[in-house]
Structure formats: structure tokens, C-alpha cells
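The next block holds one structure in the form of C-alpha cells; read it before the comments.
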Protein chains: 2
Amino acid sequence: MTGPAKTPRRAPLNRDRVLRAAVALADEIGIDALSMRSLAERLGVVPMALYKHVANKEELLDGMVEVIVGEIAPPARGADWKDAIRQRILSARQALLSHRWASQVVESRRHATPVVLDYMDSLIGMFRAGGFSVDLTHHAMHALGSRMWGFTQELFPTPPPPADPEARAAMFDQLAARYPHIIEMATAGSRDGGSAPGGGCDDQFEFEFALDVLLDGFERLHRQGWDSTARRHPTGATA
Amino acid sequence: MTGPAKTPRRAPLNRDRVLRAAVALADEIGIDALSMRSLAERLGVVPMALYKHVANKEELLDGMVEVIVGEIAPPARGADWKDAIRQRILSARQALLSHRWASQVVESRRHATPVVLDYMDSLIGMFRAGGFSVDLTHHAMHALGSRMWGFTQELFPTPPPPADPEARAAMFDQLAARYPHIIEMATAGSRDGGSAPGGGCDDQFEFEFALDVLLDGFERLHRQGWDSTARRHPTGATA
DNA sequence: ACAGGGAGGCGTACGGCGTACACCTCAGGC
DNA sequence: GCCTGAGGTGTACGCCGTACGCCTCCCTGT
């Protein structure tokens, strides 16, 4: 009975276990509540123990990003460049969307980690495989920007609507006076059950719309043989 | 000699003075070093005094955004919708660029403040004045996303390049093996003094490129009478 | 079989943060 | 001449990230 099961010592931590626990905990309690202390407690360990596995909190967050980016589905083989890129980015979106805090953390990173660079490299490779020049690919990547991760900044964070209907009506009138166009847009959207119910748009639609505008634009420039040294801006010049 | 100048009491603070001091201090010492304490010290006041003028730090940051957004040049009158919007966004860019921390703070805001809504409302109004449907305008605004503020996420944060040339060459080979496309892009850009020198692209060019791809895309959809209920995605359908 | 070392975990402590709460101090209006 | 309330103060609390030194096993080489 003095076998290895005698003392049920917790399996020793390692970097990967720490990172996965951090992701899970952030999912659970939110990224703001994720501290070295809360994570340590979750792992049944003293806060300083974590520093044996990550250098500091920044590196912890970097690692969490790597875990998520690692969840992105691999590129589709044999597809048209546009479909392939579209699909890849949408699957990045899926990966990021399953962790509500992900976009915030990705945006806050200062240095790209290897896994992140892998993803970007593969995306660039897809443009190149589609015949894009290095030049156009470069600008296209920049134009995608954070959309390559599958998220867009929430534009109209819902201000708290008053519960009292009378107060709400009054506030509505007030808003309509100052922000006529916003109100027009918000109310128009809520008519149908379509793409844009007021107070909460169809994010997926909005995302794909923007992505397609960009990809279509890239495609057109590519077909035109656009070159950054020729005309500085893509504008016009369809015919 | 018992006049009002006898005791040189500091003019009492007010919300506006606090916000402007915060902006100036953030410009000076960086947004990370801006704390209620450091700001209070700069104003020659005890930290808690600030809470008589702003509810908490979040509201301070909101107010700082308002100050900056207030610096955006008013819309150009009488211009084509596209030029007008282009110009307005580029002037937003100018305003935000003069405070390096601005984009980070804007992105972190959860609730839009009145001044922010004013800006968005005016942008929407410009689309509408250009004949855009409410529907298309809505999606266009979402597609612009944070680009309406004139910034793009920095995509390739420069990893520290080793000083020793031999080590640098070794690292280069290693990177080239793992990230062939990234390296191709980075090195191709550095050939000419043009738009994309390695290690630091021409941000302004990249920004305008992306903006123009989007605006051109919107224009095309507008001319086609695009409607979100017709086809879900803008893709193709030029001819 | 045993000594040595290193990886993993612990405990304490420090300085900084945002901010709650009670208090003080006057200038201005009654 | 009193009152009031806006503006400013002082103290304190709980949280944070993390530096530093120590302990405790397990693995390894001999």
C-alpha cells in the first residue's frame, strides 16, 4: 500500500495545463476577473506557483491566445482562393466566438506569437496561391486587419434602456432629436426579422458582409493587375 | 493688499479641466502610467478630489475620448458623399493619431458617449445624403467598424531584432523556414522606398487603401441597388 | 544504494491601483 | 450672520502583479 497511489498528489502543472485552465476560467468568470490569484486558486495552487510556467501575466494572455488560435480549423484544400480564405476566416471567427473575451485579448497583444504568425502566414499563402502579387497581398492583409480574426468591434453598445415605458418614450424623443440618423437606422432595422433587429444586429451577417466587400474588392484589383506603384489608391477604374 | 490675489488659491477644478489634464498627461507619460493618483498629483490635488468631477476611472476615459473626438474637423460641405466621408474619416484619423493611446482607449469603451454618437450620426447622415438606403448604410457602417475612427490594428508588431548581425542572419533563416510567406512579403517591401518598407509599413497608405476598397465596394453596391433581403452577400454580380 | 541537483510549489512581502467613507473648509445666498 | 453645499482632504480597504528566498520531493549518475 505504499504504491504510487498512496499520496494522491496532484499531477504537476505544466505550461499547457495552466493555459487551458486559464482559458476555461476566463470563459467562466470573465476575462476581467481572471487574475493570477484566481487562476492559482482554481488550480489549487499558490499564486506564485504559476510563475514557474509563465513568465508573467502578459505571457499568460499570449498563451491563451495561442490555445484559441490553435483551435482554428486548418485551411480547406483545393478550394478557390476566395472561398478558401473566406472559409478560413469564418472558422477563425468560430474559434474566437466561443470565448467572448477572445477578441479583446487578441487586440491587446503587442507581439505576435509563433502560432499567430503561422495563421497569418497561411493566410498570406492563400492569397499568393491565388495568384496575388506580393504587393497586393500585403495591402490586402492590412486591409483585413483584425477582421482576419473573425471579429468586428461592436459599434453600438446598447445603452441601458429605461424600464418605465413613459421614460423610455421621452428618452426616445430626445435621442431622435439629437441623433436622427441613428434612430432611423435602429428603428428601420427592427421592422423585419431580417438582418438588423434594433438593439442587436445579426453580427454574423454584418461580418460576412464586410468580409465579402473586402474580398470582392481584392479580387477586382487583382484582375486589374493593380499595383501600388501605379496609382496610389484603388478608387474607381473599373472599366 | 487684502484683495483677491492675497491667497493664491488654485482655481477650482472642473470636469473639463480634469479631462484635458488627463489627455495631456497621457500624451506625456503614456496611457498605462495614467492613474487617478498620477493625474491628481499633476493637478496638485489629492486623488479622491478627482471623484468630485468624474464618477470613476471609466468615466474619465470616456471623457478623454470625448475630448479627442471633439477635435475632429467638422464635415466638409458640398462635397460628393464619398469624398466627404473619406475626408471626415481621414480627419478623425488625424485627431486620433495625435494621441498615441487614443485607439486603444476608443476600442476599450463599452458605452458610446453623446459626442461619439454625434460623430456616428453625422457619418450615417453623409451616406443617407448620398442616396444610400437605410439598409445599405447600416451595413456599411458596420463594415467600416473601427476604421471609422481612422485606425487599424497594427498587424505585425515588430519582434525585437537581434543586434548581432550573425544572430540576426540565423534568426532570419529560421523565420524564413517557418513563415516563408511573411518573410517574402517583408523583404519584398523593403526593396523600394515605396509603400512598404520592412519593419514599418506606410500606415497612412495602408489605411487609405483599405478605406478606399470599402468605399468603392459600397459605391458599387449602391449603384446596383443592393438590398440585404435580395442576396445575402455582396459577392460577385458586377455585370 | 546513495548523494546531488533541479523542477515544482510555498510563504511572505512590497508597492501600486481604484475607490468607499467620513471629515474639513470656505464662498455665496438667505 | 448663519447655513449650505461644492470642492478638497485623509485614512483605509481589498485587490492586483510579482520579487525573493525557502522547502520538498523525484530523477539521475555513480
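Where a number appears in this text, it was derived from the coordinates with a stated rule and is not lab data. What you see is a predicted model, and the numbers here were worked out from it, not measured in a lab. Every residue, glycine among them, receives a Cβ derived from its backbone with ideal geometry; neighbour counts consider all protein chains shown.
The string of couplings for the range B:115-126 from the Karplus curve (6.51, -1.76, 1.60, θ = phi - 60°) is 4, 5, 5, 4, 4, 5, 4, 5, 5, 4, x, 5 Hz, one whole number per residue in order, with x for Gly and Pro. Placing one equal scatterer on every Cα of the range A:60-173 and applying the Debye formula, the log10 ratio I(q)/I(0) at q = 0.19, 0.22, 0.23 Å⁻¹ is -0.99, -1.26, -1.34.
A straight Cα-to-Cα reach below 15 Å connects residue B:52 with the aspartates and glutamates B:16, residues fewer than 8 places away in its own chain not being considered. The alpha-carbon of residue B:82 sits under 15 angstrom from the alpha-carbons of these aspartates and glutamates, leaving out residues fewer than 8 places away in its chain: B:208, B:212, B:216, B:219. Relative to the other identical copies, residue A:58 shows label-point distances of 2.7 nm, where the label point lies 7 Å from Cα along the Cβ direction and values run shortest first. Residues A:152, B:113, arranged from fewest to most other Cβ atoms within 10 angstrom of their Cβ, appear as B:113, A:152.
With each label modelled as a point 7 angstrom along the Cα→C-beta vector, the residue A:83-residue B:11 pair spans 6.7 nm. What separates the residue A:178 label point from its copies, with the point 7 Å along Cα to Cβ, is 5.0 nm, written shortest first. Think of the axis that spins chain B onto A; the B residue whose C-beta lies nearest it, and the distance in whole Å, is B:217, 3.
Computed from backbone phi with θ = phi - 60° and the Karplus coefficients 6.51, -1.76 and 1.60, the 3J(HN,Hα) list for the range B:89-103 is 5, 5, 7, 4, 4, 4, 4, 6, 5, 7, 9, 4, 8, 4, 4 Hz; x is used for glycine and proline.
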